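No lab work stands behind these numbers, since they all come straight from the coordinates. Only a predicted model underlies this, so the values are computations on that prediction, with no experimental measurement involved. All Cβ positions, glycine included, derive from the backbone under ideal geometry; neighbour counts span all protein chains shown.
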Amino acid sequence: MLLDTIKMEISTNPENISIIRLTASGIANKIGFSIDDIEDIKVAISEACTNVIKHTKVDNFSIVFEIYDEKFIIIISDDGIGCTKESIPKVDLCNPKVGGLGIYIIKTLMDDVEIKSVKEKGTVIKMIKFLGVDN
Ligand SMILES: Nc1ncnc2c1ncn2[C@@H]1O[C@H](COP(=O)(O)OP(=O)(O)O)[C@@H](O)[C@H]1O
Ligand SMILES: [Mg+2]
């Protein structure tokens, strides 16, 4: 059941990532996530926000936090250059490279991740963490 929605519109100043992380951890703590889950959520959100800052030239982007009784959904949207599926690298852990791990890390840490991106229009990444799911 959706209990509440919190929306943030924030500038692409790298210093704002700590504000977003703090907000997310406060919400996740209130929902009842463990310290480990909260750390995972913070890392995933940081990677997604870093991508907006690093790969787009937008001035602002938005984050929506949807608070459910049994899950936490985070939606990060930008109106930047977008990307194609092909530009998201396939990670080969046997042949690690520097960089190109952000999306892989997000998918590893979160329970469900959807990326919708349209070239020259922007990107939306939706990530879900369920309460009480071990991974
Ligand atoms: N918000 C975004 N806007 C445009 N392209 C993006 C965005 N997020 C990710 N990408 C694309 O997906 C690729 C993979 O992202 P990621 O796995 O975080 O690796 P890295 O950021 O190190 O390149 C990026 O190189 C970029 O081309
Ligand atoms: Mg990245």
Problem set entry | Rel. contact order, % - alpha carbon contacts under 8 angstrom, at least six apart, the chain | 28 percent
Seminar exercise, completed: Net charge near M1 (other residues with Cβ under 12 Å of its Cβ; Lys, Arg +1; Asp, Glu -1) is -3
Problem set entry | Residues K119 and S62, FRET efficiency given R0 of 22 Å [Cβ-Cβ distance, rounded to 0.05] | 0.65
Problem set entry | 3J(HN,Hα) from dihedral phi, the range 17-33, Karplus parametrisation 6.51/-1.76/1.60, rounded to Hz, x for glycine, proline | 4, 5, 5, 5, 4, 5, 4, 4, 5, x, 5, 4, 5, 5, 5, x, 5
Exercise. In nm², what is the average projected area of the convex hull enclosing the Cα atoms of the chain?
Worked result: 8.3 nm²
For this session: Run the quick spin-label model on I88 and T50: label points 7 Å from Cα toward the beta carbon, then report their separation in nm to one decimal.
Result: 1.7 nm
For this session: Per DSSP H run of at least 4 residues, take -39500 (n - 2.57); add these up for the chain, divide by its residues and hand me the 222 nm value, nearest 500 deg cm²/dmol.
Result: -11000 deg cm²/dmol
Exercise. Can you list the GluC sites (Glu not before Pro) in the range 1-47 that are in a DSSP coil and have 13 or fewer other beta carbons within 10 angstrom?
Worked result: E15
